[in-house]
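The values are calculated or read from the model by the stated rules, or taken from the named source; none is laboratory data. If you're wondering where the values come from, they're calculated on a predicted model, not measured in any experiment. Positions of Cβ are backbone-derived with ideal geometry, glycine not excepted, and every protein chain shown enters the neighbour counts. Note: areas computed on protein heavy atoms with side chains; ligands, DNA, RNA excluded. Shrake-Rupley method; radii C 1.70, N 1.55, O 1.52, S 1.80 Å.
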Amino acid sequence: MRTIHGSPFSRTNYVIWTMKELGLDYNVNPISPMAGETRKPEYLVLNPNGLVPTLEEDGFVLWESLAINFYLAKNNGNGKLWADNPHHEAKIMQWCIFGAVNVDKPAVDYILHKNALPEEMREVAILNAAEQTLIPLLQVVEGQLADGEYLVDNRFTLADLTLAAILDYPRKSGYDLSPYPAIGAWLDRCLNRPARIAMSAPV
Ligand SMILES: N[C@@H](CCC(=O)N[C@@H](CS)C(=O)NCC(=O)O)C(=O)O
């Protein structure tokens, strides 16, 4: 029995996308941070950070969306989403870590302070800083995509899934990606995959 704890409107969606790509069976326990459900004692036993997502699989518990995705892809993918040699594995990890460590924070700050937070909580200084921080990071991704349709091994891997999931929301919130045509085309390619589209269906 595999359960993913977390509202699909959170980083939980990175893991749901992975499970859909891999064709795995799963249940979603749609607990919501907004409703304070991640701070309840029964949830803190699973994830002492009080954050989503958390994976529970036959008594095995794992948190951090990237670690969950590595675990699922390495052990269930038969090469899908993952690598066929150590160099590709290292490159997939490089792009995923780059996404989680460098891109995620300014991307989330941008979304929150552009339109997700209630208006009185939005700060223009944070929005502008996020916008500026993203520029050199997007230039790096644009440079990589100038040479191919995907980030690693010319096929869709966890590297693409991770970065596309992170960059989807700033674009939806209005971040101007027109200076980065390769990113725009690649995002469309990734987000139009059947597994991603299936995520909007009831789980
Ligand atoms: N690095 C963590 C971040 C998890 C995270 O920040 N989750 C947010 C939702 S997207 C959350 O649970 N927030 C609840 C809170 O801050 O109380 C991961 O990728 O799993």
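About the Cα centre of the stretch 49-156, what is the dipole size in debye to 20, counting +1 per Lys and Arg Cβ and -1 per Asp and Glu Cβ, all else neutral? Write out the running numbers ahead of the final one.
Numbers: 7 positive and 16 negative charges, 30 e Å.
Computed about the Cα centre, the dipole is about 140 debye.
When all alpha carbon pairs of the stretch 49-203 are counted in 5 Å bins from zero, the resulting P(r) reads 2, 8, 16, 20, 20, 16, 11, 5, 2, 0, 0 %.
Would you rank D168, D58 by solvent-accessible area, highest first, keeping every protein chain in place and using a 1.4 Å probe?
Values: D168 10, D58 125 Å².
Largest accessible area first, the residues go D58, D168.
Think of a 1.4 Å ball rolled over the protein heavy atoms: the stretch 98-150 then has 56 Å² of accessible area per residue.
How big is the Rg/Rh ratio for the stretch 94-159, C-alpha atoms only, Rh by Kirkwood, two decimals? Mind showing how you got there, number by number?
Values: Rg = 14.3 Å, Rh = 13.1 Å.
Rg divided by Rh gives 1.09.
May I ask for the distance between the Cα centers of the stretch 142-203 and the stretch 68-131, given as a whole number of Å? Their Cα centres are 11 Å away from one another. Note on the stretch 20-91: Kirkwood radius taken over Cα pairs, Stokes-Einstein applied at 20 °C and 1.002 mPa s, translational D equal to 155 µm² s⁻¹. Computed with a 1.4 Å probe on the full set of protein chains, the accessible area for W82 sits at about 20 Å².
Accessible-area rank, largest first, for V45, V152: V45, V152, with all protein chains present and a 1.4 angstrom probe.
Think of each Lys and Arg Cβ as +1 and each Asp and Glu Cβ as -1; about the Cα centre, that makes the dipole of the chain roughly 220 debye. Translational diffusion of the stretch 41-139, estimated by Stokes-Einstein from the Kirkwood radius over alpha carbon pairs at 20 °C in a medium of 1.002 mPa s, is 133 µm² per second.
Quick one: pull the percent of accessible area on the chain belonging to carbon and sulfur, 1.4 Å probe, ligands and nucleic acids left out.
Numbers: 5750 of 10210 Å².
C and S fraction of accessible area: 56 percent.
Note that the stretch 2-76 presents 49 Å² accessible area per residue, ligands and nucleic acids not counted, probe 1.4 Å.
The slack in the chain from A146 to E123, taken as 0.36 nm per residue of separation less the alpha-carbon distance, amounts to 4.9 nm. Bridgeable lysines around K80 (alpha carbons under 23 Å apart, same-chain partners fewer than 8 residues away excluded): K20, K91.
Given the -39500 (n - 2.57) contribution per DSSP H run of 4+ residues, what per-residue ellipticity at 222 nm results for the chain, rounded to the nearest 500 deg cm²/dmol?
Working: 9 runs with 102 residues, N = 203.
That calculation yields -15500 deg cm²/dmol at 222 nm.
Please give me the summed charge of the neighbours of G77: other residues whose Cβ is under 11 Å from its Cβ, Lys and Arg +1, Asp and Glu -1.
0
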